[in-house]
1. Within the stretch 261-284, work out how many residues are without any contact (Cβ under 8 Å) to a residue 60 or more places away in the chain and either within 26 Å of L135 (Cα to Cα) or of a type in the set (A, V, I, L, M) (or both).
2. Pairs under 6 Å by beta carbon, first residue touching a residue at least 12 places away in the same chain (Cβ under 8 Å) in the stretch 226-246, partner surrounded by fewer than 24 Cβ atoms within 10 Å (Cβ to Cβ) and hydroxyl-bearing (S, T, Y), six or more apart or different chains?
3. Restricting the search to the stretch 302-324, which residues are within 22 Å of A258 (Cα to Cα), among the small types (G, A, S) and within 19 Å of the chain's Cα centre (by Cα)?
4. Look through the stretch 290-301, keep the residues that are in contact (Cβ under 8 Å) with a residue 60 or more places away in the chain and crowded, with 18+ Cβ neighbours inside 10 Å, and return whichever of them is farthest from K328 (Cα to Cα).
5. Restricting the stretch 305-326 to residues that are farther than 15 Å from L129 by Cβ and modelled with pLDDT of 95 or more, which is surrounded by the fewest Cβ atoms within 10 Å (Cβ to Cβ)?
6. Answer with yes or no whether S141 is under 19 Å from D93 (Cα atoms), among the polar types (S, T, N, Q), touching a residue at least 60 places away in the same chain (Cβ under 8 Å) and assigned by TED's automatic domain parsing to the domain that holds D271.
7. Taking the stretch 52-96 as the search range and keeping residues that are of a type outside the set (D, E, K, R) and free of Cβ contacts under 8 Å to residues at least 24 places away in the same chain, which one is farthest from L186 (Cα to Cα)?
8. Identify, please: which residue in the stretch 327-363 is under 19 Å from I123 (Cα atoms) and polar (S, T, N, Q) and is, among those, surrounded by the fewest Cβ atoms within 10 Å (Cβ to Cβ)?
Amino acid sequence: MPFLLHSFLVISKFPCNLKAFPCNLKTMSSQENGSPEYPTWPEFKLPELLSTDGVRQVHATIENEWDPLQRSACQTAAGRALWKHAVHDPLADILAGETYLKSLHEKIKKDCVNKAREISGVILAVRTLWFDSKLEAALHSFDDREAQVVLLGAGMDARAYRLSCLKESNVFEVDFPQVLQIKATLLQAAMDSTNDHQCLMMTAKSITRVEADIRSDDWLEKLQISGFMPEKNTVWVLEGILYYLTDSQATKVLKIIADKCSVTHTVLLADFMNKPSTSLSNSIFHFYSDWPDHLLPSLGFSHVKLSQIGDPDAHFGLLHDPSNLFNKLRSLPRTVQTHPDDGTPCCRLYLVEASGSPNQTIP
């Protein structure tokens, strides 16, 4: 369904040349003849926990009963698991499952063989790290006061179990009932296991799972019934959500969050597709914004900062080749929607931080 965390744009929907060498591998070494030698990605060893009957049955349920968009939450987890040299997410492998781990690993191996400039999943790795860093900074901006973090379309997100910056925060995960129930079952299996997961524990102050559809009119009411307090400082995390909503649905969700700026210090972290990106799959992607830094102030946010993959705050040492696709896009004005060199669509993913408070001045 539309508002789960997804990796379509990371793994399968963007052009096949979107791939990048990881920061902990040597991208090339000099041979005697001076030509570059490209490394291979380390072989992936399937965690033992994924071989247990209980976990296999859970992932079989996902395969048999979830629709493609719901299952893509597992693809996202697979990306985080296989980019573990950059993203610390010890729970990602069990949340992903064998099918998606093996599928992405095969893509990564092919990229290495083909000496690609960017390896599959790099967008997801950078996006995850950007959200992590901005979430930590937002919480610190509250002067260490107790805060709330709301993840809309939480999917297989495990931040409440891996980010120490959440130690004073009440975390709310909003998603479909079947997604949250399956996720809870997998997390419990990880906690109960006797392997490396046994020492894992929740890092957030608390976590509350809210079964709701953000396309409906009652998700905010359900959130408040579950303990969300509108007057408390809040960070709203919308990672991989908005473009699966219709224009009216996405705008309504953003407006609901923007209205909270008149009540308390509010921070929004979200990613936006531009119009050419939605053409990658018109049946899946709907909402887009070529200028989210203009849209959000019109809804009620006073401060907006936009980044693109490859910018100084959205790089994280994972994009070594200066001729990578992201740098090519960044060198073009955002008004350009077709690349002048090859005629391909300029598919951009914008990473956006917006905020507001009761004493704000909207530009």
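The values are calculated or read from the model by the stated rules, or taken from the named source; none is laboratory data. Not measured: the values here are computed from a predicted model. Virtual Cβ from ideal backbone geometry, glycine too; neighbours counted across all protein chains shown.
1. Applying the first criterion (without any contact (Cβ under 8 Å) to a residue 60 or more places away in the chain) to the stretch 261-284 yields 278, 282-283.
This time we only want the ones that are either within 26 Å of L135 (Cα to Cα) or of a type in the set (A, V, I, L, M) (or both), so: none.
Residues meeting the conditions: 0.
2. Cβ pairs passing all conditions: S226/T208; G227/T208; E231/T264; N233/T264.
3. Let us first name the residues in the stretch 302-324 that are within 22 Å of A258 (Cα to Cα), namely 302-307.
Of the ones still in play, those that are also among the small types (G, A, S) are 302, 307.
The one that is within 22 Å of A258 (Cα to Cα), among the small types (G, A, S) and within 19 Å of the chain's Cα centre (by Cα): S307.
4. Here is the first cut: in the stretch 290-301, the ones in contact (Cβ under 8 Å) with a residue 60 or more places away in the chain are 292, 297, 300-301.
So of that shortlist, the ones also crowded, with 18+ Cβ neighbours inside 10 Å come out as 292, 300-301.
Working: P292: 21, G300: 33, F301: 30 Å.
Only one residue tops the list, namely G300.
5. Within the stretch 305-326, the first condition is being farther than 15 Å from L129 by Cβ, and the residues that meet it are 305-306, 320-325.
Among the residues that remain, those that are also modelled with pLDDT of 95 or more are: 305-306.
Working: K305: 12, L306: 17.
Step by step, filter the stretch 305-326, then rank; the result is K305.
6. On the way: under 19 Å from D93 (Cα atoms): no; among the polar types (S, T, N, Q): yes; touching a residue at least 60 places away in the same chain (Cβ under 8 Å): yes; assigned by TED's automatic domain parsing to the domain that holds D271: yes.
Against the criterion (under 19 Å from D93 (Cα atoms), among the polar types (S, T, N, Q), touching a residue at least 60 places away in the same chain (Cβ under 8 Å) and assigned by TED's automatic domain parsing to the domain that holds D271), S141 does not qualify.
7. Applying the first criterion (of a type outside the set (D, E, K, R)) to the stretch 52-96 yields 52, 54-55, 57-62, 64, 66, 68-70, 72-79, 81-83, 85-88, 90-92, 94-96.
Of the ones still in play, those that are also free of Cβ contacts under 8 Å to residues at least 24 places away in the same chain are 57, 60, 64, 68, 81.
Numbers: Q57: 11, A60: 12, N64: 17, P68: 19, A81: 15 Å.
If we take residues in the stretch 52-96 being of a type outside the set (D, E, K, R) and free of Cβ contacts under 8 Å to residues at least 24 places away in the same chain, then P68 is farthest from L186 (Cα to Cα).
8. Only one residue fits best here, namely S331.
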